[in-house]
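The values are calculated or read from the model by the stated rules, or taken from the named source; none is laboratory data. None of the values given here were measured: they were computed from a predicted structure. FYI the Cβ positions are ideal-geometry reconstructions off the backbone, even for glycines, and counts take in every protein chain you see.
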Amino acid sequence: MDYYVYCLDADPNAPGFQIADEYAVVNIVDEEACLAYARDKQVNGVLTAATDFGVLTMSRIAEAMYLPGINYRSAKIIKNKASVRKLLFEAHADDTGYAYEIGSMDEIAEILPKMKFPIMMKPVDGSGSRGASKVEKAEDFAKAVEFAMSGSITHRAVAEPFVDGRGMV
């Protein structure tokens, strides 16, 4: 397609490096380092593929360099599962129930009494199913919060109602 491709990854053995025209070992969640690289290379397009870890960085570069892309404010919302759930709940676009964002283990005592089990616990900014678990009872809540936080870039979790997909049309 005659594109000149730059590739960034924190892994020096990233498979994409083998096919990119140029590459650098840079963590894609480091917005400022990636923006500096993009400015230095004078890129005219930016994207992230196969993961949502780079969405904030991609949108930061696009916005700063006046390139097409998701605006940064929107990217911050969609990157945080708790923010998305809150917006959908408040707009009456999601009737599954309220989701709670958890930023520290100290918040458990306040949030736990509000939970109706089973619930789904996951990182607010995770990818795939890393850190996600179904929690059946209150005794397992703290362990699930810790597990979800371990899969989060920002070390935050979201507790939301579990939706059983069986029997739904």
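Couple of notes before you dig in:
- Count - residues of the range 117-144 that are basic (Lys, Arg), in contact with a Pro (Cβ under 9 Å, 6 or more places away or on another chain) and under 19 Å from residue 155 (Cα atoms): 2
- Residue match in the range 35-50 (condition: among the basic types (Lys, Arg), assigned by TED's automatic domain parsing to the domain that holds residue 16 and under 27 Å from residue 155 (Cβ atoms)): no
- Here residue 61 clears all of (1) touching a Cys at 6+ places or on another chain (Cβ under 8 Å); (2) surrounded by fewer than 19 Cβ atoms within 10 Å (Cβ to Cβ); (3) among the hydrophobic types (A, V, I, L, M, F, W, C) except the condition numbered (2).
- Those residues of the range 48-83 which are of a type in the set (D, E, K, R) and in contact with a Phe, Trp or Tyr (Cβ under 8 Å, 6 or more places away or on another chain), in sequence order: 60, 63
- Residues (within 22 Å of residue 75 (Cβ to Cβ), surrounded by fewer than 16 Cβ atoms within 10 Å (Cβ to Cβ) and not small (Gly, Ala, Ser)) located in the range 7-41: 27, 30, 32, 39, 41
- The requirement of being surrounded by 17 or more Cβ atoms within 10 Å (Cβ to Cβ), at pLDDT below 95 and either assigned by TED's automatic domain parsing to the domain that holds residue 134 or under 18 Å from the mean Cα position of the chain (by Cα) (or both) is not satisfied by residue 77.
- Those residues of the range 81-108 which are loosely packed, with under 12 Cβ neighbours inside 10 Å, among the charged types (D, E, K, R) and either closer than 17 Å to residue 146 by Cβ or touching a helix residue (DSSP H, G or I) at 6+ places or on another chain (Cβ under 6 Å) (or both), in sequence order: 106
Yes/no matrix, rows are residues, columns are (1) among the acidic types (Asp, Glu); (2) part of a helix (DSSP H, G or I); (3) out of contact with any helix residue (DSSP H, G or I) (no Cβ under 9 Å at 6 or more places or on another chain):
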site	(1), (2), (3)
36	no, yes, yes
39	no, yes, no
47	no, no, no
69	no, no, no
77	no, yes, no
